Amino acid sequence: MSLKPLLLLSMSRILTGIQSTGTPHLGNILGAIIPAIEESKKNTESFLFIADLHSLTQIKNPDELSENTYSTAAAWLAFGLDTSKTVFYKQSDVPLTTELSWILSTIFPYQRLTLAHSFKDKSNQLKDVNVGLFTYPMLMAADILLYDANVVPVGKDQLQHLEITRDVAVKFNNQYGETLIVPEPLVNEQTKYITGTNGEKMSKSKNNIIDIFVDDKKLKKQIMKIETHSLSVEDPKNPKECNVFKLYEVIASTNEVELLSKQYLKGGIGYGEAKELLLDKILNRFSENREKYFQLLEDRSKVEELLFSGSKKARVQAQKVLKRVRSRVGF
Ligand code: ADP
Ligand code: TRP
C-alpha cells in the first residue's frame, strides 16, 4: 500500500488532547487551548479531544470524571473552538484508540518506557501507581496515529511523549511497511511554560494553579496567593524573578509589560499593586471567555450534543487507519 496519496490528503491535519483531570487552568489555556485553536484556524483539518481515558489513571470517582470532562469541554468552547471546522470529541467515545494502543505496545520496547520521565515524576508523586500510568505513552501515541495527524500542538512537558509517538510509528512502519504518519510536535515558544503561584510550573497536581473559571472573588484570592519576595514598595525589583510579573508578561500587551518592567526596576511599585494589575488584566482579557463558560455550564445538553456529533466524525477517520493497521499485522 502506498502512503503518498494519504500524506497529500492529510498534509496539515493537526490534533491535540487535554486531560479532564480538572477545569483547565491558565497554564492549560495559554499553553495548549489557545495555540491549538489558533492553529486550527490556519489548517484545513483539526482534531481536538478530551483525553478522559488518560484521566482514568488518576480519577476514580465517576462523578468527578464526568464533571471534569464537561468543564474541560466548556472551556475549549468558551475559547472559540469552532465545531463546524474542528472534530471535537471525547477519547472514550472512540474505543478503537485502545485497540491501536495495544497493537503499538506489542512493538515498543519495555525498557524505553521505563525511561519516560513523566512516568518517573508521576510515580514519585502519586500513591496510585497503576499499569495505565506506565503505558500512558502508548495510549497517547494511539490518540495521534489513529488520525494520521501531522502536527501536534503541546506544552514542552509533552515533548518526550511525542518523541515516543514518533519512534513507535517508525518502528511500526519498519516492521510492517509504511502505514502510519510520523507526526511533528508544535510548541508555542512564548507560552510553553506558565509558572504557577509558587513559581514552579503551573499544574493541577501542584496546588499552584490560577483557575479563571471561578467568580471574581475567588479569582482575586488566587492572585493574592502568588508567592513573592519580601521587598518594600520603594525597593527596585527584578521583574525576571517575580512570579506576578511572569504571569503579567504572558497576558498583557508588549507596551504594558515594558511599562511594568520599568516600574519594577525603578522601585515604587509594591507586589500588592502588581497583583491588582494582574487581576485587572486577567478579568479584562478573559471576560468574554468566562461569560461564555458560565453560560455553557447552564446548557449541559448542548455540550454533550457537540461532543457526540464530533465522536461520530472521529470514528469514521479512526476506522480507516485501524483497518490499515489490522490488515498489516495480519488480523
Ligand atoms: P497539568 O500539569 O495541570 O496536569 P496537563 O498535563 O493536563 O496539565 O496538560 C494539558 C496541556 O496543557 C498539555 O498540552 C500541557 O503541555 C499544557 N500545559 C500544562 N501545564 C502547562 C503550563 N504550566 N504551561 C504551559 N503549558 C502547560
Ligand atoms: N498527555 C497529554 C497531557 O497530559 C494529553 C494528551 C493525551 C495528548 N493524548 C494526547 C496531547 C494526544 C496531544 C496529543 O497533556
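The values are calculated or read from the model by the stated rules, or taken from the named source; none is laboratory data. Please read all numbers here as calculations on a predicted model, not as lab measurements. Cβ placement follows ideal geometry from the backbone for every residue including glycine, while neighbour counts extend to all protein chains displayed. Just the protein is used for accessible areas: all its heavy atoms, side chains included, with ligands, DNA and RNA removed. Shrake-Rupley method; radii C 1.70, N 1.55, O 1.52, S 1.80 Å.
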Among (1) of a type outside the set (Ser, Thr, Tyr); (2) over 29 Å from residue 21 (Cβ atoms); (3) loosely packed, with under 13 Cβ neighbours inside 10 Å; (4) in contact (Cβ under 8 Å) with a residue 40 or more places away in the chain, the one test that residue 171 misses: (3)
Of the conditions (1) assigned to a helix (DSSP H, G or I); (2) open to solvent by 60 Å² or more (accessible area, probe 1.4 Å), residue 296 fails just one. Which one is it? (2)
Which ones in region 222-269 are of a type in the set (S, T, N, Q), touching a Gly at 6+ places or on another chain (Cβ under 9 Å) and exposed (fewer than 12 other Cβ atoms within 10 Å of the Cβ)? 232
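Whether any residue in region 221-230 is under 16 Å from residue 277 (Cα atoms) and among the acidic types (Asp, Glu) is what I want to check.
Just the residues of region 221-230 that are under 16 Å from residue 277 (Cα atoms), to begin with: 221-228.
Okay, now just the ones that are also among the acidic types (Asp, Glu), so 227.
Checked against the condition, which is being under 16 Å from residue 277 (Cα atoms) and among the acidic types (Asp, Glu), region 221-230 yields at least one hit.
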Is it the case, given these coordinates, that residue 215 is under 30 Å from residue 70 (Cα atoms) and either free of Cβ contacts under 8 Å to residues at least 12 places away in the same chain or in contact with an Asp or Glu (Cβ under 8 Å, 6 or more places away or on another chain) (or both)? yes
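Being within 24 Å of the chain's Cα centre (by Cα), in a helix (DSSP H, G or I) and farther than 13 Å from residue 223 by Cβ is the filter here, so list the residues in region 247-283 that pass it. Even if it seems obvious, please write down each step before you answer.
Within region 247-283, the subset within 24 Å of the chain's Cα centre (by Cα) is 247-253, 278-279, 281-283.
Restricting the remaining residues to those that are in a helix (DSSP H, G or I) gives 247-251, 278-279, 281-283.
Hits for region 247-283 are 249, 250.
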Return the residues of region 150-159 that are more than 7 Å from ligand 2 (Cβ to nearest atom) and either closer than 10 Å to residue 16 by Cα or in contact with a helix residue (DSSP H, G or I) (Cβ under 6 Å, 6 or more places away or on another chain) (or both); say none if nothing qualifies. 151, 153
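Can you report the number of residues in region 111-149 which are more than 16 Å from ligand 1 (Cβ to nearest atom), surrounded by fewer than 15 Cβ atoms within 10 Å (Cβ to Cβ) and closer than 22 Å to residue 58 by Cα? Steps first, please.
Within region 111-149, the first condition is being more than 16 Å from ligand 1 (Cβ to nearest atom), and the residues that meet it are 111-115, 127, 129-131, 134-135, 138, 142, 145-148.
Remaining after also requiring surrounded by fewer than 15 Cβ atoms within 10 Å (Cβ to Cβ): 111-112, 114-115, 127, 129-131.
Next cut, closer than 22 Å to residue 58 by Cα only: 114-115, 127, 129-131.
Summing the residues that are more than 16 Å from ligand 1 (Cβ to nearest atom), surrounded by fewer than 15 Cβ atoms within 10 Å (Cβ to Cβ) and closer than 22 Å to residue 58 by Cα in region 111-149 gives 6.
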